[in-house]
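Let me begin by presenting the structure, written as structure tokens, before commenting on it.
The values are calculated or read from the model by the stated rules, or taken from the named source; none is laboratory data. As the structure is a prediction and not an experimental result, all values here were calculated from the model. Using ideal geometry, Cβ is built from the backbone for each residue, glycine included, and neighbour counts are taken over all protein chains shown. Remember, those area values only see protein heavy atoms, side chains included, never the ligands or the DNA or RNA. Shrake-Rupley method; radii C 1.70, N 1.55, O 1.52, S 1.80 Å.
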Amino acid sequence: MIATLTKGQSMRLQKFLSGAGVCSRRRAELYIAEGRVAVNGQVVTEQGTKVDPESDKVTFDGRRVTLAAHHVYIALNKPPGYVTSCLQKQETTVMELVAVDQRVFPVGRLDKPSCGLLLMTSDGGLHQRLSHPSFDHEKEYDVTCDRPVSDADLDAMRSGMVITGRKTRPARVKRLSDRRFLITLQEGRNRQIRRMAEMLGNRVAVLRRIRIAHIHLGDLAEGRWRYLTEEEKKALLHQEEK
């Protein structure tokens, strides 16, 4: 433990890295364990180490990081083929689509073949809370399958289906055509919609997320991003505090 870390108002190192926009708190713990973080020139690997943001010098991979004066909140229309990750070798990540001064990272997942609305932020605390399974914000998807989807199939998705040994929560489903429907979920299980379609003997051809909570994709072009409006940001911050 470094002895000179509590001169003033101190905070845990992983919280500092998250607040500085380096990564989420969970990933910060991994970076600390890997020896990639130093405080006042000394590598720190002990979880729970505290730092004074005003007086301690924190570096990540040799580069100094500081707490952000303000956070940014972004809506991105993710194209297919991009990985929802900050760092993933030999893959094209969503980080390449967003150019801002602060380090931002994606909130939640949207698998590589899927497209549509993805939230990104420099606010590590918000990222941590919104990504937690207990946060029940709605997510709406526009789905097109390879083959026609029957009314019975839509009813099965509405009621909940057992995938990977656990039943999905009830969903709202609205038919748009014989192969296309809207589905609104309040959970974010891995590849959930694709797995449900496969259980019904079908396959998802196009999956596009069009809404997260009160934030809509709208007419945002594929591959483009925008800052959240003040109203969207305030509502999101208020909702996650409930």
- [ ] Give me the pairs, please: first residue somewhere in region 34-50 and closer than 16 Å to V22 by Cβ and in contact (Cβ under 8 Å) with a residue 40 or more places away in the chain, second residue anywhere and open to solvent by less than 70 Å² (accessible area, probe 1.4 Å) and among the aliphatic types (A, V, I, L, M), beta-carbon distance under 6 Å, and either six or more positions apart or on two chains.
- [x] V44/V37; T49/L13
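Here are some residues: A156, A171. Which one is farther than 23 Å from L119 by Cβ and of a type in the set (G, A, S)?
Numbers: A171 fails: farther than 23 Å from L119 by Cβ.
Within the list A156, A171, the selection yields A156.
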- [ ] Read through the list (1) at pLDDT below 90; (2) in a strand (DSSP E or B); (3) in contact with a strand residue (DSSP E or B) (Cβ under 6 Å, 6 or more places away or on another chain); (4) not β-branched (V, I, T), then give the number of the only condition that A38 fails.
- [x] (1)
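Name the residue that is modelled with the lowest pLDDT, counting only residues in region 186-239 that are at negative phi and in contact with a His (Cβ under 8 Å, 6 or more places away or on another chain).
Among residues in region 186-239 that are at negative phi and in contact with a His (Cβ under 8 Å, 6 or more places away or on another chain), the one modelled with the lowest pLDDT is Q239.
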Task: Restricting region 22-35 to residues that are open to solvent by less than 70 Å² (accessible area, probe 1.4 Å) and at pLDDT below 80, the residue that is farthest from V107 (Cα to Cα) - done: V22
Open item on the list: Going residue by residue through region 82-95, is there one that turns out to be in a strand (DSSP E or B) and within 30 Å of H216 (Cβ to Cβ)?
Closed with: yes
Open item on the list: Cβ-Cβ distance below 7 Å, separation of 6 or more or different chains: which pairs start in region 212-232 with a residue that is within 18 Å of V107 (Cβ to Cβ) and end on one that is assigned to a loop (DSSP other than H, G, I, E, B)?
Closed with: I212/H137; A213/H137; A213/E138; I215/L228; W225/V98; R226/L220; Y227/V72; E232/H214
- [ ] Being at pLDDT below 90 and in contact with a strand residue (DSSP E or B) (Cβ under 7 Å, 6 or more places away or on another chain) is the filter here, so list the residues in region 66-92 that pass it.
- [x] H71, V72, T84, S85, C86, E91, T92
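Tell me, which strands (runs of 3 or more DSSP E) wholly within region 112-230 include 3 or more residues that are of a type in the set (A, V, I, L, M), within 20 Å of the chain's Cα centre (by Cα) and surrounded by 16 or more Cβ atoms within 10 Å (Cβ to Cβ)?
On the way: elements: 115-121, 139-145, 172-175, 180-185, 204-212, 225-227.
Fully inside region 112-230 and qualifying: 115-121, 204-212.
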Task: Of the criteria (1) open to solvent by 30 Å² or more (accessible area, probe 1.4 Å); (2) under 12 Å from the mean Cα position of the chain (by Cα), which one D101 fails - done: (2)
